[in-house]
């Protein structure tokens, strides 16, 4: 938001959001657009679930982006599929180990891991 004075726009896109979360972002001057809004986070939270529908929803919203920060594994996965080739993306590397653990646990439990980012 501090970069607005320099002509840089920030857009907040969320996979899953709650109404209070959207209200909080708006109160601080950053209205958010969300793929799914619910009072309770669904069991297939997009934080950890690769979702082709979410990637499709992101596509037109990221078409004009110059830089994208995808914060959780579901966002990395969706952004990697939705971003035009010219766009830089960054991910919160602190979660990389957790993502590897998720894939390993699904592999040993017999659950499908789905496409990998």
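FYI, it's all coordinate maths here, none of it is from the lab. This structure is a prediction, so every number in the text was calculated from the model and none was measured. Please note: Cβ atoms are built from the backbone with ideal geometry, for glycine as well, and neighbour counts cover all protein chains shown.
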For a footprinting-style exposure proxy, rank 23, 39 by other Cβ within 10 Å, fewest first. 39, 23
Among 22, 30, what is the fewest-to-most ranking by other Cβ atoms within 10 Å? 30, 22
Bin by bin, in steps of 10 Å, what percent of the Cα pairs in segment 1-64 do you find, going until the bin that has the longest distance? 19, 45, 30, 6, 0
Mean Cβ-within-10 Å packing, highest first, puts peptides 75-85, 52-62 in the order 75-85, 52-62
